[in-house]
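Engineer: Sharing a structure here in C-alpha cells format.
What follows is calculated from the coordinates using simple rules that are stated; it is not laboratory data. Please read all numbers here as calculations on a predicted model, not as lab measurements. Virtual Cβ from ideal backbone geometry, glycine too; neighbours counted across all protein chains shown.
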Amino acid sequence: CAKSISQACQGADVTIGEKEIQKMFNILLEASVGRSWDGKEIVIDALVSLSNKFKDFYNKNGELQAKVRNTLMTEVSRNNKQYVKKVIFNLATYLSVHFDSELDSKLVQVGEKIFEEYETTEDSEDIKTDIGNDDDEPSNKKRPRISSDVNKKSSKDNIESEEFRVKLLKSFCAAFKFSESGYYSRDLLKFVITSAIQIFDSKSVIYTWRS
C-alpha cells in the first residue's frame with residue numbers, strides 16, 4: 001500500500017493544484033511516522049521527490065519544511081544500520097536541491113559512521129587471516145597475500161562494498177552546493193575528498209576499475 005502511494009506521489013503532474021500537493025505531503029508524512037520497516041525507504045524517497053519536484057510550493061511553506069526536515073533527521077538517526085544505508089541516499093538527494101547546514105552536518109556524521117564500520121569489519125578480517133598462519137612460521141613473518149588479495153578483490157563482498165562506497169560518494173558530491181549567501185559545507189567537502197582517497201588505500205578496500 002505504501003509503495004503504491006509513493007509511486008502515485010512520485011508520478012504526480014507538476015501542474016496539479018496546491019491542495020493536492022499538500023494532501024500528498026500529508027499522506028507521506030503520516031506514513032513515515034514510527035519505527036523503520038522493510039520498504040519504508042520508498043516512502044522517504046517519495047517525500048524527498050515531492051519536496052524537490054514542487055520546491056516552489058515547498059519553499060514557501062515553513063511548517064511543511066520543518067516537518068520534512070525533522071522526518072529526514074529522524075530516519076537517518078535510527079539504529080537500523082541497513083535501513084540507514086538506504087535513506088542516507090534520500091537525504092543526499094534532498095540536499096542536492098535544498099541547502100540546509102544542519103542536515104549537511106548530519107549527512108557527514110552518518111557517512112563517517114558508515115565508512116568507519118566498513119573499516120572496522122575489514123580490519124577484523126585481516127586479523128583473522130594473520131591468526132590463521134601456520135604455527136611453524138615465525139610470528140613476525142607474514143605470508144605473501146597475493147593470492148588472498150586476488151580472491152578477495154573478485155569476491156562478491158568486496159565488489160558490493162566498493163560499489164556502495166562509490167555510489168555513496170557520488171550522492172554526497174551531488175549534495176554539495178552553495179547557499180544563496182555563498183556558504184558551503186567545508187565538512188562535507190573534506191569528507192568527500194578524504195573518503196575518495198581512502199578508497200584507493202589498500203588497507204581499507206581492494207579497489208577495481210569501479211573506483
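Engineer: Just in the stretch 12-61: which trypsin sites (Lys or Arg not before Pro) are loop by DSSP and have at most 12 other Cβ atoms within 10 Å? Present the calculation step by step, with values, prior to reporting the outcome.
Structural biologist: Numbers: sites: Lys19, Lys23, Arg35, Lys40, Lys53, Lys55, Lys60; in loops: Arg35, Lys60.
Counting only loop positions with at most 12 other Cβ atoms within 10 Å, the trypsin sites (Lys or Arg not before Pro) in the stretch 12-61 are Arg35, Lys60.
Engineer: Between Gln7 and Gln109, what is the spin-label point distance in nm, taking each point 7 Å from the Cα along the Cα→C-beta axis?
Structural biologist: Output for this residue pair reads 3.6 nm.
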